[in-house]
Amino acid sequence: MCGIIAYLGPKDAPSVVLDGLKKLEYRGYDSWGIGCLSKGKILLVKKVGKVGQAKTSDLGLGAAGMAVGHTRWATHGGISEKNAHPHLDCSGKLALVHNGIVENYQELRKRLQAQNHKFVSESDTEVIVHLVENYLNLGLRKAVERAASELKGRSAFVVLDSSGEIAAARTGSPLIVGCGEGEFFIASDIPAFLSHTRKVMYLDDGQMVMIGKAGPQFFDLASGKEAKKRVVEIDWNVEAAEKGDYEHFLIKEIMEQKDTLWQAISQDEAKIAKVAGQIKDAYGTFLVGCGTAGKVCMAGEYFFAKIARKHVNFAVASEFPSYESFLQPRTLMIAVSQSGETADVLEAIAAARKKKARVISLLNVFGSTMMRVSDEVFMVNAGVEKAVVSTKATTAQLSVLLLLAYASAGRLAEGKRLLLDTASAVNDMLNPRYEEHIKRLAERLHQSEHIYIIGRGLNYPIALEAAIKIQETSYIHAEGFAGGELKHGPIALISRGTPCIVMAANDDSFHEIISNAMEVKARGGHIIGISPQNNEVFDYWIKVPDAGNASPIVNIIPVQILAYHLAVIKGLDPDMPRNLAKSVTVK
Ligand code: AGP
């Protein structure tokens, strides 16, 4: 969703901010803007579309030592220059960018209009800059404090004041301060300034920061008291966040699964065993996540059932309010999220915390909000994932859940052995010939209107995840089903040539899923088998290693590659699908 980068220092601020916006492109957005302080005046540039190849010389902003930039993913108000950020106050002395939603913006807007504030956009954000303006006679810090106290919903905003200061407040959405040599950054995420500094300070929820030439000063928003901060040195390297020799982040990240599975498995075994014990003792365990992470949670439910004979409950995080009445202090919540910022998951965690339930998170982004609100965290160690379409984080999350399931069964060593073998098999599988074989399939399928995917048991959630992959990259209608459900309705959708991907793992569901494939084929369906062994029902066979209970990990990888090539063949951007964002920070 929206991205924020602000800069104060000796370099050319619009250039630094423009470069930062390019690094934030992966978050997904539809318009962008930059505001800077040049010769005592605030100047703005706003554009619809992508930052792409924009150069500082195209911006017409002139030299400046202080600037703020934003990528907007539209929520309130259409995609237009006037709704793009930064927004100005009536005097033009404040420029503000915002991430999140102001849930009470309608009443605030009416009140501010009655006080003669002039609004020029449809965006909810504009109320914040007028609120700050309203209280500016108290000084910028107090004005931000007062404005923040009146906002409902999750937000993060940064305001640039023509007096030469930058203020930022966090009430739900992340903000990180970067500290270079005599220069300072504020951003929604670290890659925006990673090429300048690795020294960061995290703003906690309910805190604000003031940055002038002397550096940052942090305050608690509610009490106004100064807050002490620690400088944390991030060990990410710049190359990890770049494409390297690959054409797109998506294929780079798919290929990185050769390494990331090993990294995911390297967990503290004592911690895994401790959490497995907590799962056994819990009075109900919930696995919660959204989208792909939600499908990982569903696979987790199957892992625990099959391997540990333990019932854990999977819930889509946005649907969790329907389960809240089951929460109590002995409940355990396991939240799965790549970004650690997904609003619906954060809401579910807040509900769990309110009932004093224990929260364990599986995360990929260090320092994310979920890290701060969880009792225990497992980092899945997939490294920076920039493509909106999640791949390496997914298989890393599956690996950690599988380890936990084995540990809950008292068979951690066996689970670890299985995962090490799987990582090694994936390493062999991901070679150029394999990719070419799947690319040929993409060439056959790219004009399809529909693609169906079926799986059973452990691979039913993976059939659902496979559908998400194809939808996101190719915009082809893709849908996953439990193999046994087809004849209860969906088989009516099959006609001559309809592609149907069959996840046929070498487990106790093999013969039944093959029967389901036969039923589809009998109605004209074109069967693509993902399986360790070929079968006469397959019109196209994609071989995967026989990974036993780790089959969900190996079976999703060919679909990730297929999804990538479908996008490329169709001339679509595999890294930034339309309408989507990398971290979904609104409900
Ligand atoms: C994955 O390909 C999707 N982009 C999306 O479904 C994602 O998994 C979902 O938004 C959850 O994100 P999270 O892992 O950051 O919580």
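Where a number appears in this text, it was derived from the coordinates with a stated rule and is not lab data. Given the structure is predicted, the values throughout are model-derived calculations rather than measurements. Reconstructed Cβ throughout: ideal geometry from the backbone, glycine too, with neighbour counts over all protein chains shown.
One table, with the values for the structure above:
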quantity: Extension reserve of the Glu449-Asn534 stretch, reckoned as 0.36 nm per residue once the Cα distance is removed; calculated: 28.0 nm
quantity: Principal-axis tilt of helix 412-429 within the chain, Cα atoms, nearest 10 degrees; calculated: 90
quantity: Test item: Cα-centred dipole of region 250-386, Lys/Arg +1 and Asp/Glu -1 on Cβ, debye; calculated: 460
quantity: Additional length obtainable on full extension of the chain from Lys487 to Glu226, 0.36 nm per residue less Cα span; calculated: 87.6 nm
quantity: Cα gyration tensor category, rounded, prolate or oblate, for region 302-402 with a/c compared to 1.5; calculated: oblate
quantity: Principal-axis tilt of helix 13-24 within the chain, Cα atoms, nearest 10 degrees; calculated: 20
quantity: Part-to-part distance (alpha-carbon centres) for region 523-559 and region 1-72, which is given in Å; calculated: 46
quantity: FRET efficiency estimate (nearest 0.05) - Cβ-Cβ, Asn137 to Phe366, R0 41 angstrom; calculated: 0.50
quantity: Asp204/Asp428 FRET efficiency (R0 41 Å; Cβ-Cβ; nearest 0.05); calculated: 0.35
quantity: Paramagnetic reach from Lys213 in region 1-28 [backbone N under 18 Å; point 7 Å along Cα→Cβ]; calculated: 7-13
quantity: Gln207 long-range amide H proximity, modeled H, under 5 Å; calculated: Arg170, Leu221
quantity: Global form of region 431-510, assessed from the alpha-carbon gyration tensor, a/c cut-off 1.5; calculated: oblate
quantity: Span from the region 119-179 Cα centroid across to the region 78-112 one, whole angstrom; calculated: 10
quantity: Using θ = phi - 60° and Karplus 6.51 cos²θ - 1.76 cosθ + 1.60, couplings along region 220-229 (whole Hz; Gly, Pro as x); calculated: 7, 5, 6, 9, x, 6, 5, 10, 7, 10
quantity: Local electrostatic count, His477, Cβ distance below 14 Å [Lys/Arg +1, Asp/Glu -1]; calculated: -1
quantity: Ranked list, fewest to most other Cβ atoms within 10 Å of each Cβ, for Thr75, Thr342; calculated: Thr75, Thr342
quantity: Extension gain from Arg330 to Ser195, taking 0.36 nm per residue of separation minus the Cα-Cα distance; calculated: 44.1 nm
quantity: Helix axis angle, 551-569 relative to the chain longest principal axis, alpha carbon, degrees; calculated: 60
quantity: Lysines with Cα under 19 Å of Lys521, excluding same-chain neighbours fewer than 8 positions away; calculated: Lys487
quantity: Cα gyration tensor, region 431-587 - rounded (a/c under 1.5), prolate or oblate; calculated: rounded
